[in-house]
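The values are calculated or read from the model by the stated rules, or taken from the named source; none is laboratory data. As the structure is a prediction and not an experimental result, all values here were calculated from the model. Cβ sites come from the backbone with ideal geometry, for glycine too, and all protein chains shown count toward neighbours. Heavy atoms of the whole protein, side chains included, go into the accessibility calculation; ligands, DNA and RNA do not. Shrake-Rupley method; radii C 1.70, N 1.55, O 1.52, S 1.80 Å.
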Amino acid sequence: MGQHGFEIAYVFEYFYRLLPALKVTLLIVGSSIGIGTIVGLLVALPQLYRIPVLRRLSQLYVSFFRGTPILIQLFLFYYGVPEVLKLFYVDLTRTPALFFVILTYSLHSGAYIAEVIRGAVSAVDRGQVEAAYAVGMNGFQAFSRIVLPQALSISIPVYGNVVIGNLKDTSLAFTLGILDITGKAQSMGTLSQRFIEVYISLAALYFIISFALQKLFERLERRLLRHEPAAAGLTKEPLVKRSFLRREAASSKWRRKEAQL
């Protein structure tokens, strides 16, 4: 513990001193979520379309990254991948540690995002797609007009949780020498021996960013639901109940149309 008494003034001082390192943290989060979304989509497709071999491989991928700690994954990629590639005469010893951090977090996030995509698409009532075919839509039109809008509105809250979880997980990147806000706080605490003030500042910074992301995704969800009656009560009804009611209302609408044909 620190050798000094607690002083609130240092909390504000360290908060501002942590801000320059925030760009590294946001770079890791933004890059890993962007790449992870692409990876997650590619991993989810074999499961949605039930492609035999690829489906098993995608399930194995998801199970590995969801079933092992992110810290172990960081060490495996940082220390293990260069050793494996040496067998193929590829030298990665000069590769920055930030590359391995972004790679690890991208694959880690991709596993969770794949499940978000798979769950959101599967939650859309199949009867709506069949009704879309019945009124003359092709596969692309049914997906873009019926499945995609509903899947997006269903997935946004869970996707937001993945992003916020990714932000908090980046606090382990300092173990590979990355000077993000956690790495900077660790250095400042060691030099000043004021660990309480430093970590209060660090916690406040993480909380502010997480709160901002939460509000951003809530606003995005509200925007996606702006044409639905339940959107007005978005903050008052439980998410599961809202999603169920939306799906039931849309399903009943398409069944009525189908019955009139």
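What is the local net charge at residue 173, summed over the other residues whose Cβ is closer than 13 Å to its Cβ (Lys, Arg +1; Asp, Glu -1)? Intermediate results must be reported in sequence, preceding the final value.
Numbers: positive: 168, 184; negative: 169, 180.
Result for the local shell: 0.
Here each label is just a point 7 Å from Cα along the line to Cβ, and for residue 72 and residue 54 those points are 2.9 nm apart. Note down the net charge around residue 8, summing +1 for each Lys or Arg and -1 for each Asp or Glu among other residues with Cβ under 15 Å from its Cβ. Computed value for this residue: -2.
Loop-located chymotrypsin sites (Phe, Trp or Tyr not before Pro) in region 72-144 (DSSP state other than H, G, I, E, B) with a sparse environment of at most 12 neighbouring Cβ atoms within 10 Å: 88, 89. Net charge of the neighbourhood of residue 46, taken over other residues with C-beta under 9 Å away and scored Lys/Arg +1, Asp/Glu -1, is +3. In a simple Cβ point-charge model (Lys, Arg +1; Asp, Glu -1; nothing else charged), region 8-224 has a dipole of about 240 debye relative to its Cα centre.
Could you work out the relative contact order of the chain, using alpha carbon pairs under 8 angstrom and six or more residues apart, expressed as a whole percent?
On the way: 258 pairs, mean separation 78.8, N = 261.
Relative contact order comes out at 30 percent.
Across region 71-85, coupling constants 3J(HN,Hα) worked out from phi with the 6.51/-1.76/1.60 Karplus curve, θ = phi - 60°, read 5, 5, 5, 4, 5, 4, 6, 6, 9, x, 4, x, 5, 5, 5 Hz, and Gly and Pro carry x. Span-like helix criteria (full DSSP H runs; alpha carbon extent of at least 18 Å along the helix axis; mean Kyte-Doolittle hydropathy of at least 1.6) are satisfied in the chain by 22-48. Convex hull volume per residue, computed on the Cα atoms of region 8-224, equals 144 Å³. Please count, across the chain, the pairs of lysine residues with Cα atoms under 19 Å apart that sit 8 or more places apart or on different chains. Lysine pairs, 8 or more places apart or on different chains, close enough: 6. Share of carbon and sulfur in the accessible area of region 86-236 stands at 63%, probe radius 1.4 Å.
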